[in-house]
Amino acid sequence: MCSGKYAARRGASPAAVRPDAAPLWRTDIGGKLSAPVIADGKLFVAGIDAHAVHALDAVSGKTVWSFTTGGRVDSPPTIHRGRVLFGSRDGWVYCLQASDGQLVWRFRAAPGARRMVAHEQVESAWPVPGSVLVQHGLCWFAAGRSSYLDGGIHLYGLDAASGKLLHHTVVRSPPVDVHGPKRRFTNVAA
């Protein structure tokens, strides 16, 4: 359990739910969706397999804007100072205006333009999975599949306002000798 000054997220509320509670609206965006994020009167959600992020009016459920990327967006976007930040499995990180969905900046986290097919979708060999973390004006994320593949996992820190690269490192695991002596495992009964 987290405590102290870093416990910024909570999973409970002291508010009581009325017994006659009912949905205010329903909207069919279609497809598999991420968890929603609500900020500034809008609900933001990723249409995972549709390669899109949608903004809906939180009161009416009507679509305010949609933005399509070149790959799956597998996690909810991060909202920071009126902007929407998220990674895509196309190897890019996007920053949009929360008000109208206009592109503010995008950053290619993939070190190259190599594509592959995964889960019946075309995507980068260095996808940007998960949510983008924003802390103290910096956005942090990773690109890659494994520290053993394709040169490793690229870790980035960008200025959240401008998208300017401030930090970059690559995590690589040592090569594994698949032709070397095989290890024997012994089944030990407890």
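The values are calculated or read from the model by the stated rules, or taken from the named source; none is laboratory data. Because the structure is a prediction, the values reported are computed rather than measured. Please note: Cβ atoms are built from the backbone with ideal geometry, for glycine as well, and neighbour counts cover all protein chains shown. Quick note on the areas: whole protein, heavy atoms, side chains included, nothing else; ligands and nucleic acids left out. Shrake-Rupley method; radii C 1.70, N 1.55, O 1.52, S 1.80 Å.
The table that follows gives values for the structure above.
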{"quantity": "Under 13 Å from residue 32, Cα to Cα: aspartates and glutamates that are on another chain or at least 8 residues apart", "calculated": "49, 74"}
{"quantity": "Local net charge near residue 162, Cβ-Cβ under 13 Å (Lys/Arg +1, Asp/Glu -1)", "calculated": "+3"}
{"quantity": "119, 168, ranked by accessible area, largest first (probe 1.4 Å)", "calculated": "119, 168"}
{"quantity": "Accessible area of the chain belonging to carbon and sulfur atoms, whole % at 1.4 Å probe", "calculated": "55"}
{"quantity": "Most to least accessible of 136, 51 (protein chains only, probe 1.4 Å)", "calculated": "136, 51"}
{"quantity": "Whole-angstrom gap from segment 139-171 to segment 69-86, using each part's C-alpha centre", "calculated": "16"}
{"quantity": "FRET efficiency for residue 168 and residue 13, using Cβ-Cβ distance with R0 set to 45 Å, rounded to 0.05", "calculated": "0.70"}
{"quantity": "Low-density loop positions, chymotrypsin sites (Phe, Trp or Tyr not before Pro), segment 95-190 - DSSP coil, at most 10 other Cβ in 10 Å", "calculated": "185"}
{"quantity": "Per-residue ³J(HN,Hα) for segment 34-48, Karplus 6.51 cos²θ - 1.76 cosθ + 1.60, θ = phi - 60°, Hz, x for Gly and Pro", "calculated": "7, 5, x, 10, 10, 7, 6, x, 10, 10, 10, 8, 8, x, 3"}
{"quantity": "The chain, relative contact order in percent, only Cα pairs under 8 angstrom and at least six apart counted", "calculated": "11"}
{"quantity": "Area accessible to solvent at residue 62, 1.4 Å probe radius, in Å²", "calculated": "140"}
{"quantity": "Accessible area per residue, Å², segment 102-157 with all protein chains present, probe 1.4 Å", "calculated": "53"}
{"quantity": "Whole-percent pair-distance distribution, where bins are 5 Å wide, for the alpha carbons of the chain", "calculated": "1, 7, 14, 15, 16, 14, 11, 8, 6, 4, 3, 2, 0, 0"}
